[in-house]
Amino acid sequence: MFIVVTGSKGAGKSSSLAKVSEMIRTCNKSVGGVISPRIWKDGERTGYGLITAADGVKRMLATEVEGVLQDTFKYCTFFFSNDVVDAGNNAIRDGLGADVLIVDEIGNMEIAGGGWGRSMPLVAGHKRHVILCVREDVVDKLRGQWGIIADKIIRVTPGEDIAGEILLAIGL
């Protein structure tokens, strides 16, 4: 089952998925994959983190400031850590054996084959519960790119708590 979580920038998609990941673990179910929350400083978005869903380990994925991270590539205004992108793809592949797989976020970089896009062909063939956090402008591209058809689309609005709706969709 593919559940797509989408909504505007800053609506709370990643925060909701972090909460869902914790709740899945408390239900004695396994969860794998990645969550990529925004990093804020003084009310400004300064980058993105990476949380591995299986164990909650946090890393710095991307920043707008060049030189903060080692061995980076630039996409739009962000400098992404190659090592952390690799770790994220490994967490996604390792998560294929979990009861629930989370992939946050699928955007234009992934559609172009970067970021988590390298793991998406494997995710597309996954037979368990998959929760995909997808940029609004990319939702319609999932099918054409990887043959993924969403069984359920959950749209998040700012301040809305969708954790219960996601858990219900996966039978928890």
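Quick note: the coordinates plus some simple rules give every number you see, no bench work behind them. Keep in mind that what you see is a predicted model, and the values were worked out from it rather than measured. Cβ: placed from backbone, ideal geometry, glycine included. Neighbour counts: every protein chain shown.
Results, tabulated for the structure shown:
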{"read-out": "Spacing of the two label points (7 Å from each Cα toward its C-beta) at K9 and N82, in nm", "value": "2.7 nm"}
{"read-out": "Table column - 3J(HN,Hα) (Hz), segment 85-98, Karplus curve with 6.51, -1.76, 1.60, x for Gly and Pro", "value": "4, 4, 4, x, 5, 5, 5, 5, 5, 5, x, 4, x, 7"}
{"read-out": "Listed residue (N90, F79, V68) projecting farthest to the positive dipole end of segment 45-157, Cβ model", "value": "N90"}
{"read-out": "Segment 20-172 - convex hull of the alpha-carbon atoms, volume per residue in Å³", "value": "119 Å³"}
{"read-out": "Order by protection proxy (mean Cβ within 10 Å, highest first), peptides 148-154, 125-131", "value": "125-131, 148-154"}
{"read-out": "Dipole moment magnitude, nearest 20 debye, segment 52-149 about Cα centre, only Lys, Arg, Asp, Glu C-beta charged", "value": "340 debye"}
{"read-out": "J(HN,Hα) series, segment 157-165, from Karplus relation 6.51 cos²θ - 1.76 cosθ + 1.60, nearest Hz, glycine and proline x", "value": "10, x, x, 7, 9, 9, 4, x, 5"}
{"read-out": "Percentage relative contact order, the chain, counting C-alpha pairs under 8 Å, at least six apart", "value": "33 percent"}
{"read-out": "Point-to-point label distance, R155-E64, nm (Cα→Cβ direction, 7 Å offset)", "value": "2.8 nm"}
{"read-out": "Low-density loop cleavage sites - GluC sites (Glu not before Pro) in segment 1-77, where at most 16 other Cβ are within 10 Å (DSSP)", "value": "E64, E66"}
{"read-out": "Fraction of beta bridges assigned by DSSP in the chain that are antiparallel (%, nearest 5)", "value": "45 percent"}
{"read-out": "Amide hydrogen neighbours beyond the local backbone of F79, cut-off 5 Å, H modeled", "value": "T63, E64, V65"}
{"read-out": "Between 0 and 90°, nearest 10: helix 13-26 axis offset from the chain longest Cα axis", "value": "50 degrees"}
{"read-out": "Dipole magnitude of segment 1-107 about its Cα centre (Cβ charges: Lys, Arg +1; Asp, Glu -1), debye to nearest 20", "value": "320 debye"}
{"read-out": "Euclidean distance between Cα centres, segment 122-172 to segment 85-101, Å", "value": "16 Å"}
{"read-out": "Per-pair calculated FRET efficiency, R0 = 22 Å: D55 and K127 via Cβ, rounded to 0.05", "value": "0.40"}
